[in-house]
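Rule-based calculations on the coordinates, nothing more; no lab input. Note that the coordinates shown come from a computational prediction; the quantities given were computed from them, not determined experimentally. Every residue, glycine as well, gets a Cβ built from its backbone with ideal geometry; the counts of neighbours run over all protein chains shown.
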């Protein structure tokens, strides 16, 4: 049975401040908990219903993860999902390690993506398209937000992220190569080259900007190629998650590996 | 000032049952109300803040739409948005008229898309890709649900929809052409032809299936070509809105008009 302190500690992880203080975050729902138990994340605690534990208990043996049994009502009360009749895990956050795209590798740069749902969707899309590195501005939504983890549908276990000062990172990359951008930096704009017609390099970065304002001026100066999804109808724009998927699809068609 | 009856009537439109009874639905937020006032929809009433009315009042002159002034707090209380400091419109629903893809036209078939957010996103995507006809199974989310209208970001004014029995529709199409499918019917599956490599016809239907179960067996039998977005990483699937965008992008690259 969960102690009062455990409940309090789990509920505090709904908030970023306490996730940072405790160095832990929540993973909720049947599938996501399965995935995190099979990943390289360090799982501190699993709270599961009797039924879920019967079916998935063996997964907790690998790291000898402590398990507490709870009712679906309790799970729902301590978590953030509308309902949870399966499980919840308390997981250690990872160190914020720098990431760089290797030659021939596609990486994502997120410049101020604010909506947790969009960020989670982007993790899932990156995972589908084999993109393993996501560099986020400090203003981008917290990847450990339960909404992000939930929207990623387990993909948070297969992609890596770094949060930091994007212009500083980009500036370092440029200096390292004596003034030349290390990789092509494709930026999503409404007035760039038509991605149905332009050639993509074998690797590099795709920069996606804020939901309302697009890519910031500070990051824009490092963009080597503005790219645009051609429009055939009346909508003014596409959601940033949708645009990320279409752009990566166009890139992968030319650079499958 | 809004009467008690007006408030009651507006609030009842949160529910499908009353939308059907009254033949009306809600459009909420600054941009969506602007768009609906400029569309061919019949707007019964606009409730707006003083500030919104000052800037957009001229739009209500065209059809001599009645306007009531309300505070942002009142607007938020009668509507479904978390906050609304602009306007809300009560709009007549349209007749449920049959739709058929003409030669060389791309149309969408939605087989049991349940999530209103997904449906709204699909309207926006269809609009971006110049798809003007969407045929929906009766089990698909109600297009007049405020969440759908809101997620479509105004695109509901530029696309048309029909709700009905999909198998009956498809069967009629087949019979009309003496046993031959009238158009290619592309269906999104996880084991179809790679859309990066296959040829698309100039027009036809794209069928998208339910979020969990995909295309139903009854509709599947009419699919002439199973199509798949190639996967390069670990995610098991893509969200149905994302998949719709990527598939239409691949089709439009070959059939731009």
**OP:** Between the label point of residue A:211 and that of the same position in each other copy, find the distances and list them shortest first in nm, with every label point placed 7 Å from Cα along the Cα-to-C-beta direction.
**Re:** 1.7
Subject >> Neighbour-count order for A:249, B:40, fewest beta carbons within 10 angstrom listed first >> reply: B:40, A:249
**OP:** Compute the acute angle (0 to 90°) between the alpha-carbon long axis of helix A:240-254 and the principal axis of greatest extent of the alpha-carbon atoms of chain A; round to the nearest 10°.
**Re:** 60
Original post:
What is the extension gain from residue A:221 to residue A:64, computed as 0.36 nm multiplied by their sequence separation minus the C-alpha to C-alpha distance, in nm to one decimal?
Top reply: 51.6 nm
Original post:
Based on DSSP, what percent of beta bridges with both residues in chain B are antiparallel, to the nearest 5?
Top reply: 30
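Going by how many other beta carbons lie within 10 Å of each one, how would you line up A:128, A:162, fewest first?
A:162, A:128
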Subject >> Antiparallel DSSP beta bridges within the protein assembly as shown, percent to nearest 5 >> reply: 30
Subject >> Three-way shape call for region A:106-254 based on the alpha-carbon gyration tensor, with the a/c threshold at 1.5 >> reply: rounded
Subject >> Rough spin-label spacing in nm, given labels placed 7 Å along Cα→Cβ, for residue B:236 and residue B:50 >> reply: 5.5
Subject >> C-alpha long axis of helix B:116-128 to longest principal axis of chain B, angle in ° >> reply: 80
Original post:
Taking the Cα atoms only, what angle lies between the long axis of helix A:166-176 and the longest principal axis of chain A, rounded to 10 degrees?
Top reply: 60
Subject >> Tensor-based shape of region B:4-92 (alpha-carbon gyration tensor, a/c under 1.5 rounded, otherwise prolate or oblate) >> reply: oblate
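What 222 nm value per residue comes from the helices of the protein assembly as shown, counting each DSSP H run with n ≥ 4 as -39,500 (n - 2.57) and dividing by all residues, nearest 500 deg cm²/dmol?
After summing the helix terms and dividing by residue count, I get -9500 deg cm²/dmol.
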Subject >> Label 7 Å beyond Cα on the Cβ vector: residue A:5 copy-to-copy distances, nm >> reply: 6.4
Original post:
Got the residue A:85 label distances to the other copies yet, label 7 Å along Cα→Cβ, in nm, shortest first?
Top reply: 4.2
Original post:
Put a dot 7 Å past each Cα toward the Cβ at residue A:21 and residue B:73; how far apart are the dots in nm?
Top reply: 3.4
Original post:
What is the order of B:33, A:148, B:90, fewest Cβ neighbours within 10 Å to most?
Top reply: B:90, A:148, B:33
Original post:
Rounded, prolate or oblate: which fits the protein assembly as shown when a ≥ b ≥ c are the square roots of the eigenvalues of the alpha-carbon gyration tensor, with rounded for a/c under 1.5 and prolate only if a/b beats b/c?
Top reply: rounded
